[in-house]
Amino acid sequence: MNDTMRRMAQEKQQRWDAGRIPDQNGRIAVVTGASSGLGLATARALAGRGAHVVLAVRDEAKGRRAAGEITAARPDARLDVRPLDLAEPGSVAAFAARLRADHGRLDVLVNNAGIMAPPRTLTERGHEAQFATNHLGHFALTGLLLGLLAEGRDPRVVTVSSVNHRKASLHFDDLTGERRYSPMGFYNQSKLANAVFGIELHRRLTAAGSPVRSVLAHPGYTATGLQSGTPVGLWRFLLGRVGNPLLAQRPGRGALPQLFAATEPGVQGGEFIGPSGPAELRGAPTRVPLAPRAADQATARRLWTLSEELTGVHYPLPSPA
């Protein structure tokens, strides 16, 4: 690519917004956590360009209200609202089974849902709630839908991480936080797990010669229900009362990196898409760097093996050499 072409591509990317999403007619997309925040903004934008969008939500009533908001603006939107509790393996399996029964393919899976900085909580399976919801649930869901994705048109898995993944480590010897728990520390750990998973999935898809692309994205600093949903205390005050009014962008802007990752023709597997502004807090989508530890292959193999053991979901993909 010569300097002129590179400059033109950069200028186009700097102007990129939801209006530049290619025609999505005929495509089927699943968006987790689609009842509010980034998920709702993503579902709205994809439906607005013609995609058939499955809103995967923990609260069906809230999901139906979200679907109503979309159809109020776009009456011809094609939407399904389906229950999905990512912290509950039976719910993940049931969601995937129903989708496989109803559709012969899937074109886009946006692993968007998440919880942020709750008090230490364990799921029924004994897993720390943030690790279970943000990582293990999406790991299982992606594996169970991989066959449908392989039949898709330009199929993509977009896993939403965070700029905070760069602050984190994976505490393999204390994943439940039994010895030491920090709400934000374990949130950051789950976002690092998302990043490690997305890159390792890319490696394994490539080794298998699969048409599916695994792409990572992060929204920068976006005002969503995650901040307001944190427990009353210091984190809620700092994130919701102070940070949001001063620094945060609205969900429609924060969703642009994951929409870019899901739809832009030039996106490659293994890329990480985030905001272009200072400290990646806000701005138009662009390619951003991963933390070196997120790309460490030994860490990735360990997390992958552990995730298969904890979820019972085994991917039909070879381990990269």
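The values are calculated or read from the model by the stated rules, or taken from the named source; none is laboratory data. This is a predicted model, so every value here is computed, not measured. All Cβ positions, even for glycine, are placed from backbone atoms using ideal geometry, and neighbour counts span all protein chains on display.
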Under 6 Å by Cβ, and 6 or more places apart or on different chains, what pairs join a residue from segment 174-203 that is in contact (Cβ under 8 Å) with a residue 24 or more places away in the chain and basic (Lys, Arg) with one that is buried (at least 23 other Cβ atoms within 10 Å of the Cβ) and assigned to a helix (DSSP H, G or I)?
Lys191/His165
Residues that are modelled with pLDDT of 95 or more and crowded, with 21+ Cβ neighbours inside 10 Å, at least 1 per element: which helices (runs of 4 or more DSSP H) completely within segment 168-279 meet that?
183-208, 251-254, 256-263
Is it fair to say Thr159 is within 17 Å of the chain's Cα centre (by Cα), touching a residue at least 40 places away in the same chain (Cβ under 8 Å) and not in a helix (DSSP H, G or I)?
yes
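Surrounded by fewer than 18 Cβ atoms within 10 Å (Cβ to Cβ) and either closer than 18 Å to Leu259 by Cα or modelled with pLDDT of 95 or more (or both): does that describe Gly63? If you could, list the steps in order and put the result at the bottom.
Numbers: surrounded by fewer than 18 Cβ atoms within 10 Å (Cβ to Cβ): no; either closer than 18 Å to Leu259 by Cα or modelled with pLDDT of 95 or more (or both): yes.
Spelling it out, it is not the case that Gly63 is surrounded by fewer than 18 Cβ atoms within 10 Å (Cβ to Cβ) and either closer than 18 Å to Leu259 by Cα or modelled with pLDDT of 95 or more (or both).
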Residue tally, condition farther than 16 Å from Arg253 by Cα and free of Cβ contacts under 8 Å to residues at least 24 places away in the same chain, over segment 18-66
3
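Which one is surrounded by the fewest Cβ atoms within 10 Å (Cβ to Cβ) among residues in segment 106-141 that are part of a loop (DSSP other than H, G, I, E, B) and charged (D, E, K, R)?
Applying the filter and picking the extreme gives Glu124.
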Do we have Arg282 as charged (D, E, K, R), surrounded by 16 or more Cβ atoms within 10 Å (Cβ to Cβ), in contact (Cβ under 8 Å) with a residue 40 or more places away in the chain and in contact with a helix residue (DSSP H, G or I) (Cβ under 9 Å, 6 or more places away or on another chain) here?
yes
Of (1) assigned to a strand (DSSP E or B); (2) under 18 Å from the mean Cα position of the chain (by Cα); (3) acidic (Asp, Glu), Asp85 fails just (1)
Return yes or no: is Arg282 under 22 Å from Ala255 (Cα atoms) and either in a helix (DSSP H, G or I) or among the charged types (D, E, K, R) (or both)?
yes
When you check Gly147 against the structure, is it assigned to a helix (DSSP H, G or I), over 26 Å from Gly50 (Cα atoms), of a type outside the set (Ser, Thr, Tyr) and over 16 Å from the mean Cα position of the chain (by Cα), yes or no?
no
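Yes/no matrix, rows are residues, columns are (1) out of contact with any Pro (no Cβ under 8 Å at 6 or more places or on another chain); (2) at pLDDT 95 or above; (3) within 25 Å of Arg213 (Cβ to Cβ):
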position	(1), (2), (3)
Met5	yes, no, yes
Glu11	yes, no, yes
Ile21	yes, yes, yes
Thr42	yes, yes, yes
Gly48	yes, yes, yes
Ala51	yes, yes, yes
Ala67	yes, yes, no
Ala72	yes, yes, no
Ala93	yes, yes, yes
Checking the structure you have, find out if any residue of segment 286-305 is modelled with pLDDT under 95 and under 21 Å from His165 (Cβ atoms).
no
Inspect all residues belonging to segment 36-56 and state whether any of them is among the polar types (S, T, N, Q), in a loop (DSSP other than H, G, I, E, B) and surrounded by 18 or more Cβ atoms within 10 Å (Cβ to Cβ).
yes
Looking for whichever is crowded, with 18+ Cβ neighbours inside 10 Å, in a helix (DSSP H, G or I) and under 18 Å from the mean Cα position of the chain (by Cα) here; the options are Leu303, Leu310, Leu290. Which one fits?
Leu303
Residue under evaluation Glu124, criteria (1) in contact with a Phe, Trp or Tyr (Cβ under 6 Å, 6 or more places away or on another chain); (2) over 23 Å from Glu200 (Cα atoms), criterion not met:
(1)
